[in-house]
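Enquirer: Before we start, here is the structure in question, set down as structure tokens.
The values are calculated or read from the model by the stated rules, or taken from the named source; none is laboratory data. Everything numeric in this text was worked out from a predicted model, so none of it was measured. All Cβ positions, glycine included, derive from the backbone under ideal geometry; neighbour counts span all protein chains shown. Surface areas here come from the heavy atoms of the whole protein model, side chains and all, with no ligands, DNA or RNA. Shrake-Rupley method; radii C 1.70, N 1.55, O 1.52, S 1.80 Å.
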Amino acid sequence: MTPATSPATSTAAKSSQAAPVIVNVALGERAYDIVIGRGVLASLGHRIKAIRPGARVAIVTDATVAKHWLNQTQAALSEAGIESTQIIVGEGEASKSYGVLEDVSEGLIAAKIERNDLVVALGGGVIGDLAGFAASIVRRGVDFVQVPTSLLAQVDSSVGGKTGINSPKGKNLVGAFHQPVLVVADTAVLDTLSPRQFRAGYAEVAKYGVLGDLAFFEWLEKNHPDVFAGGPAREQAIAASCRAKAAIVARDERETGERALLNLGHTFGHALEAATGFSDRLFHGEGVAVGMTLAAEFSVVQGLISNDDAARVQHHLASVGLPTRLQDIAGFSQEGLGDADSLLALMAQDKKVKRGKLTFILLEKIGRAVIANNVDPNAVRAFLVSKLTHKPG
Ligand code: GLY
């Protein structure tokens, strides 16, 4: 087991509210800034011009995001004298496919995007993963900028350079590490998210506290109402999450070790997403919330974390309205989730498997996650059977 080092000191309560917060991802010649703040989208063109003078831009987005934010994005670019075209794809996980990747790649070639130009990924995690992957392969790689429009994308998927699409055999199985050259996270764009989408993204915020920073977790326990209400705590929570992720990515860009800690809740979560057909029954962040609770409870079974700490994680996630039990997943009593063996088989297809052994991120305490490489599938099966038959009180 590999101990976690705390990814973020408790900076959450200190950051400024008016000026944007800038978090640098320190990756040497591939280093870049994450710019976080209300209204920072308006500065996109000037920021791009400063790092890539003369670049033309192709914006990749989806119809819903385009409706809310495309005009503002184009205006921010043209204000800086930057020419842009746009490629609009269908919404949702189904767009992370070979077919849509081909459409985006051909669109970039048709728009004559060249090596010195830029792709702007304007959207949530699906758009960032898809557009980033297309940017990584067109002309053997063009640079791209992430403009994340969901909470989940702002605190997780837009940072760190994981890009890709899904294979019919599993999620994110085809992709590349391709770091953006800039991330512009305008927290005002989160105002148009549904409460459910915002909550799902919050699971990834809480994850940083649970895996590596007890003080941040405690701060979230007190300040989550302001994070949800859109007050200054929202920017502070996003900045603290980005600092946590940036620090881990800078130490382990290619996930040879510590970066795997960011997968807390994802081994269970991806299996649950697959068991619900990657449908609206369970958003990715909701799968992470249930998965993180299961990881905490499985850590109790493995003799690591205390029962009280596991209950505290579950309580915090449930208190913001996230699902934490298998029984909370939509359609559980009608359609179920399959049995323990089918969930185990789904986990075995996940990338978090090495030569047949299951890898889990477990907890020694809140704020200290560890990588467990050699988990006995029989122990997981028995645990899942107990959870599938659990009768919520
Ligand atoms: N979302 C996990 C990672 O970027 O490593």
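Enquirer: With the checklist (1) open to solvent by 10 Å² or more (accessible area, probe 1.4 Å); (2) in contact (Cβ under 8 Å) with a residue 24 or more places away in the chain in hand, flag the one item Pro168 doesn't pass.
Expert: (2)
A quick yes/no check of all residues on (1) within 15 Å of the ligand (Cβ to nearest atom); (2) part of a helix (DSSP H, G or I); (3) over 15 Å from the mean Cα position of the chain (by Cα):
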| position | (1), (2), (3) |
| --- | --- |
| Ala246 | yes, yes, no |
| Leu262 | yes, yes, no |
| Thr267 | yes, yes, no |
| Ala274 | no, yes, yes |
| Ser279 | no, no, yes |
| Thr293 | no, yes, yes |
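Enquirer: Looking at the range 265-280, which of its residues are farther than 15 Å from Leu384 by Cα and either touching a Leu at 6+ places or on another chain (Cβ under 9 Å) or assigned by TED's automatic domain parsing to the domain that holds Leu151 (or both)?
Expert: Across the range 265-280, the qualifying residues are Glu273, Ala274, Thr276.
Enquirer: Additional query: For the range 296-330, name all the residues that are small (Gly, Ala, Ser), open to solvent by 20 Å² or more (accessible area, probe 1.4 Å) and farther than 24 Å from Val227 by Cβ.
Expert: Residues of the range 296-330 that are small (Gly, Ala, Ser), as a first pass: 296, 299, 303, 306, 310-311, 318-319, 321, 330.
Still in the running and open to solvent by 20 Å² or more (accessible area, probe 1.4 Å): 303, 306, 311, 318-319, 321, 330.
Result: Gly303, Ser306, Ala330.
Enquirer: Working only within the range 217-244, note down all residues that are among the acidic types (Asp, Glu) and within 12 Å of the ligand (Cβ to nearest atom).
Expert: Correct list: empty.
Enquirer: Against the conditions (1) surrounded by fewer than 24 Cβ atoms within 10 Å (Cβ to Cβ); (2) in a helix (DSSP H, G or I); (3) within 11 Å of the ligand (Cβ to nearest atom), where does Val288 fall short? Just the number, please.
Expert: (1)
Enquirer: Considering each residue of the range 224-235, count those that are open to solvent by less than 50 Å² (accessible area, probe 1.4 Å) and under 21 Å from the mean Cα position of the chain (by Cα), and give that number.
Expert: 6
Enquirer: Please find, among Lys365, Lys357, the residue that is in the same structural domain as Gly269 (by TED's automatic domain parsing), out of contact with any Lys or Arg (no Cβ under 8 Å at 6 or more places or on another chain) and modelled with pLDDT under 95.
Expert: On the way: Lys365 fails: modelled with pLDDT under 95.
Step by step, each of Lys365, Lys357 is checked, and only Lys357 is in the same structural domain as Gly269 (by TED's automatic domain parsing), out of contact with any Lys or Arg (no Cβ under 8 Å at 6 or more places or on another chain) and modelled with pLDDT under 95.
Enquirer: Return a yes/no flag: does the range 138-146 have any residue that is within 14 Å of the ligand (Cβ to nearest atom) and of a type in the set (A, V, I, L, M).
Expert: no
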